[in-house]
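Report on one structure; see the data block that follows.
The values are calculated or read from the model by the stated rules, or taken from the named source; none is laboratory data. Because the structure is predicted, anything quoted here is derived from the model rather than measured. Every residue, glycine as well, gets a Cβ built from its backbone with ideal geometry; the counts of neighbours run over all protein chains shown.
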Number of protein chains: 2
Amino acid sequence: MFKFDVLKNSKYSRARLGKITTPHGDVLTPAFIFCGTKANIKGVTIDHVKNAGTQIMLSNTYHLMLQPGSELVRDAGGLHKFTGWSGPMFTDSGGFQVFSLGHGGVQSEIKGAQQFQGKKTLLKITEDGAFFKSYIDGRIVELTPEISTKVQIDLGADIIVCFDECTPYHVNKLYTSNSMEKSKRWGLRCLDTLNQYGNGQQALLAVIQGGVYSDLRAESAQFANENDFHGFAIGGSLGCTKSQMYQIVDMTSEMLDRSKYVHLLGIGGIEDIFNGVRCGIDTFDCVAPTRIARHGSAIVKRKYLTEKTARYLNLNNAIYKNDHNPIDHDCDCYTCRNFTRSYVHHLFKAKEILGGTLVSIHNMRTMNRLFEDIRKALDVDDLNSAQKEWCEY
Amino acid sequence: MFKFDVLKNSKYSRARLGKITTPHGDVLTPAFIFCGTKANIKGVTIDHVKNAGTQIMLSNTYHLMLQPGSELVRDAGGLHKFTGWSGPMFTDSGGFQVFSLGHGGVQSEIKGAQQFQGKKTLLKITEDGAFFKSYIDGRIVELTPEISTKVQIDLGADIIVCFDECTPYHVNKLYTSNSMEKSKRWGLRCLDTLNQYGNGQQALLAVIQGGVYSDLRAESAQFANENDFHGFAIGGSLGCTKSQMYQIVDMTSEMLDRSKYVHLLGIGGIEDIFNGVRCGIDTFDCVAPTRIARHGSAIVKRKYLTEKTARYLNLNNAIYKNDHNPIDHDCDCYTCRNFTRSYVHHLFKAKEILGGTLVSIHNMRTMNRLFEDIRKALDVDDLNSAQKEWCEY
C-alpha cells in the first residue's frame, strides 16, 4: 500500500527528507522520476536504468493508450511486467499531452511563449472530457476523467494522476478559473473511478491548477487538501520567468497539506530542483536528462564545464576528440567507468546510437547522484553546500 | 602470444574443435565473430555483448582509419581500451570495403550479381595499392599493404588480415589470376610490415583468393602455406549459388595447412555455417545477425517459425502484438529472460531503438548458442543431430 512519511524537516525552508512506500518498493525523497514515455527509456536497457541508481520511472498514459493500448498492457500483467521495471512506477493522466498537442505544443505554452506552435489536434473540450486526433492514425479519441483513470488502472503504476485541463499561459484569469473549477470536478470523478475500479494499491495525485493567480492556486489547493487524494502534483502554467516559477511553486506548495507527498510536473533543471526542494517538493520529473543525452549533452557539475556559459558538456565538440578522460571523473556510472570522452565523441561523429545510450546512462546516474547529494545535504540540513557544489561555475 | 590448437578432429569431415589463444583470452572454435564495424556493436553496450556469451568481436579497418583515425585509437590504448571490449579482437584489412565501395557494392558482387550498384569511390588500383574517396569527407585516401598493416598495428587487434584485392565475381579468369598474384605480393609486404613494426603479439591471416577457379585457389593456398602466416582467411568470390559456395569453400579449405587456423570471411547463414564447419572452417563473421535484428528479425531454430518459408521471426508482424511469450523459450539471453514478443513488437511499432537493441542481444546470444551446440556436437562427433535441431522446419 502507498504511504508517505516525512523523515526529517529542514529548519531553513520547507525542504524535507521523506520516504514513499509503494507495492513495488520505496522511494527516498527528494527523488527524480525518469521519463519512459512509451514504456521504455529510449535506447537504455532496464538493467542500466536500475544500475544507474534509479528509484522510480514514469510512463505516459497518452502515448500508451494509443499504442499499444492499455488493455494490452493490462493483459501483459501491467507496466511492471511489460517493461521489466520491477520498482515503483508513475503514470501521468494524459491531460498534459492532449492539451499540449491540442494547443500546438504545451511545453512552450506552460513556460510562457505567446504563440501557438505545431499542429493542433485537440478537437473539443467539454464538461465530460476532451476529444483529440490520434497522432498514430488520425482516429478521434475521447479522454475523460473516467477513461484516463481506467487506463491508468490497466497500466498498473503505483502512483497515478488525476486527469485535468492543462491550462496554457496565454489565457486570461476567467479562463484559468473556469478551467481550474472544471479540473476540480474532473478530480472527483477520477477519485470515484479509482475507488470503484481500482485494486486499492494505487495512489492518486490531485493536480493543483490556477496558473499564475494566487487566489486560484489557493482554491485548487484547498479542494485537493479536503479530498481523499494520496498526494499532489503541481501543474498548469508556472509563468514565463524563472523567478515567477519559483514564486508560484513556493506559494502553491505552502498551501498544501504537508503530511502528503508533493510532485512538481515537468521540471528538471538543477537550479530549479534546488529551489523546488526548498519549496517542499518531494519528486520531480523531466524528459530533459535523457533527451539532451541523445544529442550528446552530458550533465556534469558546473565547475567541470570548460565553457563558463555552457549548461552541459557537449560531446559533439571537437575538443573531446582526443580527450581520453571519462565524461566525469567524479561519476561512478557505467559509462564513466568504462569509456572515454574520445570514444563517446567518436560514436556521435559516426552517428552510432550507442553514443546516446552511453550519455543517457551517464545523465541518469548523474541525476540520481544529484538527488543522493541533496538527501545527504538535507540529513545534515545544509542544502546550500550541495547547491554550491553542483551549481557554481 | 597467438596460438591455435586442434583439440579434436571429426571422423566424418574436416570439422574440428579447436582453441585460439590470444593475448586477450581464448576463443573456442568453431566460433562466430560479431561485427562492431565502427568500434561498437550498433545499439548494444559492451556488457550485453559479453553477457551474450560472445568470445570475439571484429572492427573494420576501413571505417576506423577514416573515423576516428588509427592514431587516435592507438593513443587511446588500442581498440580494446577504446571500446571497453577486453576479449579477443579481430580487424580486417580494409580491402573488402575499398573494393566493395569501389565497384559499387561488393556484397552483391561477391555473391555473383552481374551488375554494379551504388556509387563508385575506388579511384585507382596500382601495384602499390589503392586510392579511394573517403565516404566521410570526399578526400582521396591511399591504402597499401603497408598502410593497412600499420593501421591494424595501431588498432591493436589480436588477429589481423592481409590487405588484398577483393576480386569481384564478374571478372574473367585472367583478371582473377593477376589479382590473386598481386594479393600474394601484397601479402608478403603485409608480413614484412608486421615483422618490422608489430609488437610480436598480433597474428596475421593470409587471404586465400582465386575466385571460382580451383587452380588459382590452389596457387593462392600454396603461397599462404609456404609463408609464415598465423592462419588463413578464405576470401574473394565464392560463386553465385549456395552449392558453388560450398564447393569453393570445401576445395579451398582442403588445400590449406591443417595445423593453422582458418576463417571464412563474411558468411553467417546457419546452413552455411554447418557446411563451413564440415569443410574445416574455424571462425565465421557476418553483419547479418545484428543488422537484421535492428529491423526486427530474430534468429530462432527453424522449428519455432510459424511460417514455414520464413527464415526469421519477424517481430514487426501483428501476430506478436498480444503474444506474451519470450522470443524463444529455449533462449537464456537477457531479452528472452525479461521481455515478451508483445513488448518487443510494441517497441518496433513505436519506433523505439530499444527494440533493435533487445533483438540484437537475442541474436548475438542465439549465434553463440548455435556455436556452443556445434562445439558440443563435435565433442561427440554428431554434427548432423545439431544441424537437424537448428535447421529443420
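Residue by residue, here is whether (1) closer than 23 Å to A:Asp373 by Cβ; (2) not assigned by TED's automatic domain parsing to the domain that holds A:Leu204 holds:
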residue	(1), (2)
A:Leu238	no, no
A:Ile248	no, no
A:Met255	no, no
A:Leu264	yes, no
A:Arg311	yes, yes
A:Ile319	no, yes
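Just for the range B:362-387: of the residues that are out of contact with any Cys (no Cβ under 6 Å at 6 or more places or on another chain) and within 29 Å of A:Ile41 (Cα to Cα), which one is nearest to the other protein chains (Cβ to nearest Cβ)? In this case the residue turns out to be B:Met364. Taken as a whole, the condition of being in contact with a Lys or Arg (Cβ under 7 Å, 6 or more places away or on another chain), of a type in the set (A, V, I, L, M) and over 21 Å from A:Ile270 (Cβ atoms) does not apply to A:Ile319. When the range B:292-316 is filtered for residues that are under 15 Å from B:Gly356 (Cα atoms) and either more than 14 Å from chain A (Cβ to nearest Cβ) or touching a strand residue (DSSP E or B) at 6+ places or on another chain (Cβ under 9 Å) (or both), the ones remaining, listed by number, are B:Ile292, B:His295, B:Gly296, B:Ser297, B:Ala298, B:Ile299, B:Tyr312, B:Leu313, B:Asn314, B:Leu315, B:Asn316. In the set (1) closer than 21 Å to A:Leu265 by Cβ; (2) surrounded by 22 or more Cβ atoms within 10 Å (Cβ to Cβ); (3) of a type outside the set (A, V, I, L, M); (4) within 9 Å of another protein chain (Cβ to nearest Cβ), A:His63 fails one condition alone, (2).
Would you check if A:Glu372 is within 24 Å of the chain's Cα centre (by Cα) and surrounded by fewer than 19 Cβ atoms within 10 Å (Cβ to Cβ)? Taking the combined requirement at face value, the residue satisfies it.
Does any residue of the range B:350-363 turn out to be surrounded by fewer than 23 Cβ atoms within 10 Å (Cβ to Cβ) and touching a residue at least 12 places away in the same chain (Cβ under 8 Å)? Yes - at least one qualifying residue is present in the range B:350-363. Is one or more of the residues making up the range A:17-40 surrounded by fewer than 21 Cβ atoms within 10 Å (Cβ to Cβ), over 18 Å from the mean Cα position of the chain (by Cα) and within 12 Å of chain B (Cβ to nearest Cβ)? The answer is no, given that none of the residues of the range A:17-40 is surrounded by fewer than 21 Cβ atoms within 10 Å (Cβ to Cβ), over 18 Å from the mean Cα position of the chain (by Cα) and within 12 Å of chain B (Cβ to nearest Cβ). Looking at the range B:276-315 only, could you name the residues that are hydrophobic (A, V, I, L, M, F, W, C) and touching a Gly at 6+ places or on another chain (Cβ under 7 Å)? B:Phe284, B:Cys286, B:Ala288, B:Ala293, B:Leu315, listed by residue number. For beta carbons closer than 7 Å, sequence separation of 6+ or different chains, a first residue in the range B:69-84 that is in contact (Cβ under 8 Å) with a residue 24 or more places away in the chain and a second that is of a type in the set (Val, Ile, Thr), the qualifying pairs are B:Ser70/B:Val151; B:Leu79/B:Val73; B:Phe82/B:Val73; B:Thr83/B:Ile46; B:Gly84/B:Ile46.
Report yes if B:Glu219 is in the same structural domain as B:Gly276 (by TED's automatic domain parsing), among the charged types (D, E, K, R), more than 22 Å from B:Gly156 (Cα to Cα) and buried (at least 16 other Cβ atoms within 10 Å of the Cβ), otherwise no. Yes; evaluated as a whole, the condition is true for this residue. Considering A:Gly276, A:Gly269, the condition of being surrounded by fewer than 20 Cβ atoms within 10 Å (Cβ to Cβ) and under 20 Å from the mean Cα position of the chain (by Cα) is satisfied by A:Gly269 alone.
Counting only strands (runs of 3 or more DSSP E) that sit wholly inside the range B:3-81, not one has at least 1 residues that are on the phi > 0 side of the Ramachandran plot and among the aliphatic types (A, V, I, L, M). So, in the range A:321-335, of the ones that are away from chain B (no Cβ under 11 Å) and buried (at least 23 other Cβ atoms within 10 Å of the Cβ), which residue ends up nearest to A:Gly43 (Cα to Cα)? So the residue we want is A:Cys333.
Sub-7 Å Cβ pairs linking a first residue in the range A:371-392 that is at positive phi to a second residue that is acidic (Asp, Glu), at least 6 apart or interchain, number zero. The sole residue among B:Asn51, B:Asn9 that is touching a Cys at 6+ places or on another chain (Cβ under 9 Å) and not assigned by TED's automatic domain parsing to the domain that holds B:Leu358 is B:Asn51.
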